[in-house]
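**Q** One structure, pasted below without further comment.
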């Protein structure tokens, strides 16, 4: 699921963008979760890194898109920003906030499709797939999937072992299974491992990112098959 924010103070323009996104969904295998904001202030208020792509109008009355983008970048350096504008000279300043592109209004579907495809390719190339987990007090933490060694469940607590340390939240491991990609494998009822970081197998244990993780006997052959398939895929 790709989370996209539409930020535009013109309701007609927001409607057009939503329709374009729905059309893109229909013509592709992508699935979007769309949020709408009618001003830059509403986007940045209590902003959390919950979006993959922001479609951001530059000219808005209360807070313009460039200012909003600067606030976003203070917190989130991964989200893809695409500017929408009637005046392309403003969009040139986009390099300062690492904007991917800009689309001229009125937004035609063809131009939008080309730009969105570039955004999705950048996201895929950079491996920008994330899990969003609660960090307490109503805040979210975004963890890059490729940085996760494995996930452990202890009671109702999920522990994420990552390149950046360990993070805990409440939840169910089966829910995490549904959110991650096929590079993750459930090697027993307590552990979900990232095949990218499996270093070795010995007996009923796997070394994953320097950690020793137990493998259930029933899952050992399936884990070997999953590892072989993963290695074949990455070697193409």
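**Q** Quick one: which strands (runs of 3 or more DSSP E) lie wholly within region 139-236 and hold at least 2 residues that are more than 25 Å from residue 51 (Cα to Cα), in contact (Cβ under 8 Å) with a residue 12 or more places away in the chain and out of contact with any strand residue (DSSP E or B) (no Cβ under 7 Å at 6 or more places or on another chain)?
**A** Fully inside region 139-236 and qualifying: 148-154.
**Q** May I ask you to list the residues in region 1-53 that are under 23 Å from residue 138 (Cβ atoms), in a helix (DSSP H, G or I) and over 19 Å from the mean Cα position of the chain (by Cα)?
**A** 40, 41, 42
**Q** Any idea which residue in region 28-72 is surrounded by the most Cβ atoms within 10 Å (Cβ to Cβ), counting only those that are in contact (Cβ under 8 Å) with a residue 40 or more places away in the chain and within 17 Å of residue 116 (Cα to Cα)?
**A** 55
For every residue, the table says whether it meets (1) modelled with pLDDT of 90 or more; (2) over 30 Å from residue 184 (Cα atoms).
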residue: 36; (1), (2): yes, yes
residue: 44; (1), (2): yes, yes
residue: 50; (1), (2): no, no
residue: 55; (1), (2): yes, yes
residue: 62; (1), (2): no, yes
residue: 78; (1), (2): no, no
residue: 95; (1), (2): no, yes
residue: 117; (1), (2): yes, no
residue: 128; (1), (2): no, no
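The values are calculated or read from the model by the stated rules, or taken from the named source; none is laboratory data. In this text the structure is predicted, and so the values were computed from the model without any measurement. Glycine also receives a Cβ, built like all others from the backbone with ideal geometry; neighbour counts cover every protein chain displayed.
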